[in-house]
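Notes for the one structure printed next.
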Amino acid sequence: MHEGISYRFTRAVVRRPCNNIVNGLRAVESGAPDFDLFRAEHAAYVSTIESLGLEVTVLPALEEFPDSVFIEDTALCLPEGAIILRPGADSRLGEARESARALAGIGLDLVEISPGGTVDGGDILVTGTAVLVGLSARTNLAGFESLREILGSWGYDAMAVRTPADVLHFKSDCNALDDDTLLCTSRIAADPQLGEYRILTVPPGEEAAANSIRINEKVLVPAGFSGTAEMLASSGFDVELLSVRQPALLDGGLSCMSLRFSSSG
């Protein structure tokens, strides 16, 4: 068991949003994000992470890649090094190359997913007992097998799980609160593959709040989901609300805007 691996972090890497973010991918058209508001929300996100004790590396914007602010899809960072992923959307493959360059520049050892496989970081959930990988439209079985082989060499167990139908990423519906507790939507809470975990289910109508993230002693929850915030607080978690209304227009949220990891083994 890798105690605290899912929520105890010392470092984070983020990438500034680019002006071209209005052309980012989205499953449902809910309107284009406002760049100035997006930039303000992103700045508040970075400031919050820093306030929780993380050393944050802020990478420059990439105008040629509208979705590059969602850096988590490009790599999985663990104390052993960084696994460079192969995003399932062809337009995002260049983002992974840029992330590889940046992560090597801050001293991380790199290994890459084998060609032919696709894996988005939004489908990877690290818990205290296993790395759960949601098979989805963006993450295929070949990508999972390549990832599992790498993780196995580092001493991690990996398990393929179900991403609910019509859900972009596994972590849209499920995130870790501690080593053995998951915050989930009702769509996934009853999945027998998650039977070893304690499950907290977000209230009806607050499905987007499942994309909350724990960083050290704080759980960051998207603003506007008071039911989820109250449930977590009553369960003993220290909660802070943070606005991600602009990222949500591009199917983004709290987890996908940073690579979070511990620099110590």
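The values are calculated or read from the model by the stated rules, or taken from the named source; none is laboratory data. Keep in mind it's a predicted model, so treat the numbers as computed, not measured. Cβ: placed from backbone, ideal geometry, glycine included. Neighbour counts: every protein chain shown.
Where in the range 192-265 are there strands (runs of 3 or more DSSP E), lying fully within it, with 3 or more residues that are modelled with pLDDT of 95 or more, hydrophobic (A, V, I, L, M, F, W, C) and buried (at least 20 other Cβ atoms within 10 Å of the Cβ)?
Fully inside the range 192-265 and qualifying: 218-222.
Can you tell me which of 50, 55, 29, 3 is at pLDDT 95 or above, surrounded by fewer than 16 Cβ atoms within 10 Å (Cβ to Cβ), out of contact with any helix residue (DSSP H, G or I) (no Cβ under 6 Å at 6 or more places or on another chain) and farther than 17 Å from residue 254 by Cα?
Of the residues listed, the single one that is at pLDDT 95 or above, surrounded by fewer than 16 Cβ atoms within 10 Å (Cβ to Cβ), out of contact with any helix residue (DSSP H, G or I) (no Cβ under 6 Å at 6 or more places or on another chain) and farther than 17 Å from residue 254 by Cα is 55.
If residue 135 satisfies all but one of (1) touching an Asp or Glu at 6+ places or on another chain (Cβ under 9 Å); (2) of a type in the set (A, V, I, L, M, F, W, C); (3) surrounded by 21 or more Cβ atoms within 10 Å (Cβ to Cβ), what's the number of the condition it fails?
Just one mismatch for residue 135, condition (3).
Pick from 114, 91: which is touching a helix residue (DSSP H, G or I) at 6+ places or on another chain (Cβ under 6 Å), surrounded by 13 or more Cβ atoms within 10 Å (Cβ to Cβ) and in contact (Cβ under 8 Å) with a residue 24 or more places away in the chain?
Selected residue: 114, the only one of 114, 91 that is touching a helix residue (DSSP H, G or I) at 6+ places or on another chain (Cβ under 6 Å), surrounded by 13 or more Cβ atoms within 10 Å (Cβ to Cβ) and in contact (Cβ under 8 Å) with a residue 24 or more places away in the chain.
Taking the range 174-191 as the search range and keeping residues that are surrounded by fewer than 23 Cβ atoms within 10 Å (Cβ to Cβ) and not in a strand (DSSP E or B), which one is modelled with the lowest pLDDT?
190
From the set of residues in the range 127-150 that are farther than 18 Å from residue 168 by Cα and β-branched (Val, Ile, Thr), which is modelled with the lowest pLDDT?
129
Matching residues to (1) closer than 22 Å to residue 54 by Cβ; (2) in contact with a Leu (Cβ under 7 Å, 6 or more places away or on another chain):
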residue	(1), (2)
175	yes, yes
180	no, no
216	yes, yes
225	no, no
236	no, no
239	yes, yes
242	yes, yes
254	yes, yes
259	yes, no
